[in-house]
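J.: What follows is a single structure, and I will ask about it in a moment.
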Amino acid sequence: MGGDGIPETGTCDLSTRGRRTGELRRVEIWYVVVDDEVVVTGTPGPRHWLANLRGDADAVLHLREPRRDVPVRVREVTDDEERRRVATVAWRLQPWYAEQAYTLDDWVRGSPMVVLTPR
């Protein structure tokens, strides 16, 4: 999906289904492209959107450049080696991540991190 003219990093919206209400929830978030896959991540800590995705792995990625909505299936990144690779690339592509008050190890241990695959 990353090779589809999607910039290496940017902001997008992600729509998930609320795990308790079943209603659609939309959040603005950063993404990065790692190994031709779109990955959504953020600073360490719990996130409602991640909890929603753990209950229902189908979501919609709302891209801004190029503008389009892409139905996706989400895979949470749980392997420490893959998490470190994603975090390292994210810090390189999106300096905002590295400017936060967290170490790379903090990101590997506690950041929400999901790969989005078109369905």
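The values are calculated or read from the model by the stated rules, or taken from the named source; none is laboratory data. In this text, all values refer to a predicted model and were calculated from it rather than measured experimentally. All Cβ positions, glycine included, derive from the backbone under ideal geometry; neighbour counts span all protein chains shown.
J.: Pairs needed: first member in the stretch 78-95, at negative phi and among the charged types (D, E, K, R); second member anywhere, part of a helix (DSSP H, G or I) and at pLDDT 95 or above; C-beta distance under 7 Å; at least 6 residues apart or different chains.
T.: Asp80/Val108; Arg83/Val108; Arg84/Val108
J.: Identify all residues within the stretch 103-115 that are more than 18 Å from Tyr31 (Cβ to Cβ) and in contact with a Gly (Cβ under 9 Å, 6 or more places away or on another chain); write none if there are none.
T.: Gly110
J.: Across the stretch 89-98, which residue is modelled with the lowest pLDDT among those that are touching a helix residue (DSSP H, G or I) at 6+ places or on another chain (Cβ under 7 Å) and surrounded by fewer than 18 Cβ atoms within 10 Å (Cβ to Cβ)?
T.: Residue satisfying both the conditions and the ranking: Ala98.
J.: Which condition number does Arg83 fail, the rest of (1) surrounded by fewer than 12 Cβ atoms within 10 Å (Cβ to Cβ); (2) not in a strand (DSSP E or B) being met?
T.: (1)
J.: Which condition breaks for Ala101 when tested against (1) part of a strand (DSSP E or B); (2) out of contact with any strand residue (DSSP E or B) (no Cβ under 7 Å at 6 or more places or on another chain); (3) among the hydrophobic types (A, V, I, L, M, F, W, C)?
T.: Among (1) part of a strand (DSSP E or B); (2) out of contact with any strand residue (DSSP E or B) (no Cβ under 7 Å at 6 or more places or on another chain); (3) among the hydrophobic types (A, V, I, L, M, F, W, C), Ala101 violates only (1).
J.: Applying the selection to the stretch 62-80, what residues are assigned to a loop (DSSP other than H, G, I, E, B) and surrounded by 18 or more Cβ atoms within 10 Å (Cβ to Cβ)?
T.: Within the stretch 62-80, just Val77 meets the criteria.
J.: Still on this structure, please answer the following. Applying the selection to the stretch 3-33, what residues are more than 17 Å from Arg67 (Cβ to Cβ) and without any contact (Cβ under 8 Å) to a residue 60 or more places away in the chain?
T.: Gly3, Thr16, Arg17, Gly18, Arg19, Arg20, Thr21, Gly22, Glu23, Leu24, Arg25, Val27
J.: Select, from Gly18, Gly45, Gly10, the only residue that is of a type in the set (Gly, Ala, Ser), within 14 Å of the chain's Cα centre (by Cα) and surrounded by 13 or more Cβ atoms within 10 Å (Cβ to Cβ).
T.: Result: Gly10 is the single residue among Gly18, Gly45, Gly10 that is of a type in the set (Gly, Ala, Ser), within 14 Å of the chain's Cα centre (by Cα) and surrounded by 13 or more Cβ atoms within 10 Å (Cβ to Cβ).
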